[in-house]
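Engineer: Take this structure, written in structure tokens, and hold onto it; I'll ask about it next.
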Amino acid sequence: MADITALEAHFQNTIDQEIKIEPKDWMPDAYRKTLIRQISQHAHSEIVGMLPEGNWITRAPSLRRKVALLAKVQDEAGHGLYLYSACETLGVERNELVEQLHDGRAKYSSIFNYPTLTWADIGVIGWLVDGAAIMNQVPLCRCSYGPYARAMVRVCKEESFHQRQGYEILLTLSKGTEAQRRMLQDAVNRWWWPSLMMFGPNDADSPHTAQSMKWKIKRFTNDELRQKFVDVCVDQAKLLNVTLPDPDLKWNEERGHYDFGEINWDEFWQVVKGHGPCNKERIDTRRRAHEEGAWVREAAMAFAEKQARRRAEESSQVA
Amino acid sequence: MEKKNWPLWEVFIRSRQGLHHKHAGSLHAADEQMAIENARDVYTRRNEGISIWVVESKHIHASSPAESEALFDPANDKVYRHPTFYDIPDEIKHM
């Protein structure tokens, strides 16, 4: 049996040379576990992420908005499936992953535990929530694990339409009536801080970051990505004529970045632990969909088995 | 609670006429027909393909990374398999 230290050294050396790790390659258990946790969480986020937006499909204000929103939600289902399939290459079953989501062992992005109260929320989700997601996801295209990196390339290509359709909704509202502009500002006020929370805890409170950077699963720290996001959002907000709800937000000449206020981490942890406005509703909806779809999955399997049996019988008769 | 999973299928897409089918990812489906239909929705929403192959994952046999030296090293020292190994006078412009 090969010495585990030698295997680990070889593994790290492969990563240091920017060579991808593929499913059948040797990898440390902790690397596999970290990836399963992160990729499945990511997949669950795509799936649960369909719910807040699905809420507005039937009430989209025009056919153009409706087909765009439908296509976006369909993409999210697709992204969830790319990611589940990447996760399964690590030797975990799809059913197991779904069970982990449904019984609360696996997390998904906390942002989806906030409600979508108005049509402006759909625009803001595209602009800020997808914007933050893209900031997180672009570096993941260079992740050391091949199947995850390849899935992310696909996701990122499709995601940019999501952000643009959201921003376009907001731009339209910003040129609308007084009531529409108020609705826009209100949505920005509610979603700004939760969007900043999407990058996760501050670096000092993020115990996994150092190891994930060493394994090149992560390329930037939470705070680096959050800063980048704030910096790009400021100009985009100006064009929409909205204010970002942070009195401490101002340009810092010395740093060459915007300073911004302290995030309410109590709220963040409350939502992570299940006490956000929609945690229960989201998981109940997912569970119900899964349970009510069970008969379809069983019937399809039974039909497939019957067809296979018939084919076998026919071919034996011919022979 | 159903315990029987839909089997896993590997999906290969030909992006346009004249190119190989290329591995795109995998998905679950009850049978080959459903696998093709699901692959259409999952992997070709933006005209990425004009033809789909699906193969049940259990039918794929792969070489092991552990034996990659034994398999691929023998090609390393065979430079004479490449055209640049052979000296041809400069007067011959194209060969």
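Bear in mind these aren't lab numbers, they're just calculated from the coordinates by the rules spelled out. The model shown is predicted, which means the values in this text are computed figures rather than measured ones. So basically every Cβ, Gly included, is an ideal-geometry build from the backbone, and we count neighbours across all protein chains shown.
Engineer: In peptide A:81-94, what is the residue-averaged number of other protein chain Cβ atoms found within 10 Å of each Cβ?
Structural biologist: Working: counts 8, 6, 1, 4, 10, 2, 0, 5, 3, 0, 0, 0, 2, 5.
The mean count of partner-chain Cβ atoms within 10 Å per residue comes to 3.
Engineer: So, one more: Neighbour counts of other C-beta atoms within 10 Å: give me A:66, A:273 arranged from fewest to most.
Structural biologist: Listed from fewest to most nearby Cβ atoms, that is A:273, A:66.
Engineer: Could you give the nm distance between label points at residue A:177 and residue A:205, where each point is 7 Å from its Cα heading toward the beta carbon?
Structural biologist: 4.2 nm
Engineer: Residues in region B:7-25, backbone N under 12 Å from the label point at residue B:51 (7 Å along the Cα-to-beta-carbon vector): list them, ranges by number please.
Structural biologist: Hits in region B:7-25 for residue B:51 at 12 Å: B:13-22.
Engineer: A follow-up question, please. Lysines near residue B:93 by alpha-carbon distance under 29 Å, same-chain residues fewer than 8 away left out - which ones?
Structural biologist: Those lysines meeting the cut-off are B:78.
Engineer: With a 10 Å radius around each residue's Cβ, average the other Cβ atoms per peptide and rank A:133-142, A:238-247, A:204-213, highest first.
Structural biologist: Numbers: A:133-142: 18.8, A:238-247: 15.0, A:204-213: 13.2.
Top of the packing list down: A:133-142, A:238-247, A:204-213.
Engineer: Other chains near A:144-152: what is the mean number of their Cβ atoms within 10 Å of each residue's Cβ?
Structural biologist: Averaged over the peptide's residues, the number is 1.
Engineer: Can you list the residues of region B:43-70 with backbone N under 15 Å from a point 7 Å past the Cα of residue A:300, pointing along Cα to Cβ?
Structural biologist: Residues passing the 15 Å test: B:43.
Engineer: What does the charge dipole of region B:1-60 about its Cα centre add up to, to the nearest 20 debye, if the Cβ of each Lys and Arg holds +1 and the Cβ of each Asp and Glu holds -1? Mind dumping the intermediate values first?
Structural biologist: On the way: 9 positive and 8 negative charges, 48 e Å.
Computed charge dipole of region B:1-60: roughly 240 debye.
Engineer: Can I ask one more? In region A:226-319, what GluC sites (Glu not before Pro) fall in a loop by DSSP, with at most 12 other Cβ atoms inside 10 Å?
Structural biologist: Details: sites: A:253, A:254, A:262, A:267, A:281, A:291, A:292, A:298, A:305, A:313, A:314; in loops: A:253, A:254, A:262.
Passing sites in region A:226-319 are A:253, A:254, A:262.
Engineer: Next question. By how many degrees, 0 to 90 and rounded to 10, does the Cα axis of helix B:32-43 deviate from the longest principal axis of chain B?
Structural biologist: It works out to around 70 degrees.
Engineer: Before rounding to the nearest 500, sum -39500 (n - 2.57) across all DSSP H runs of length at least 4 in chain A and divide by the residue total; then give [θ] at 222 nm in deg cm²/dmol. Write down the numbers at each step before the final one.
Structural biologist: Details: 14 runs with 205 residues, N = 319.
-21000 deg cm²/dmol, from helical runs alone.
Engineer: Here's another thing I want to ask about it. Given A:157/B:22; A:107/A:214; A:214/A:273; A:175/A:280; A:214/B:58, which pairs have Cα atoms separated by over 26 Å?
Structural biologist: In this structure, A:214/A:273; A:175/A:280; A:214/B:58 exceed 26 Å between Cα atoms.
Engineer: Here is a follow-up. Would you mind getting me the FRET efficiency between residue A:243 and residue A:267? Use the beta-carbon distance for r and R0 = 25 Å, nearest 0.05. Please list the in-between numbers first.
Structural biologist: Values: r = 20 Å, r/R0 = 0.82.
Efficiency at R0 = 25 Å is approximately 0.75.
Engineer: Report the Cα centroid-to-centroid distance between region A:203-237 and region B:52-95 in angstrom, as an integer.
Structural biologist: Going from one Cα centre to the other spans 41 Å.
Engineer: Report the extension gain between residue B:19 and residue B:33 in nm, rounded to one decimal, defined as 0.36 nm multiplied by the number of residues separating them, less their alpha carbon distance.
Structural biologist: Result: 2.7 nm gained on full extension.
Engineer: Suppose the chain between residue A:317 and residue A:284 were pulled fully straight at 0.36 nm per residue; how much longer would it get relative to their current alpha carbon spacing?
Structural biologist: Contour length minus Cα-Cα distance gives 6.9 nm.
Engineer: Which FRET efficiency, nearest 0.05, do residue A:189 and residue B:62 yield, Cβ-Cβ r, R0 56 Å?
Structural biologist: Efficiency, from the Cβ-Cβ distance: 0.60.
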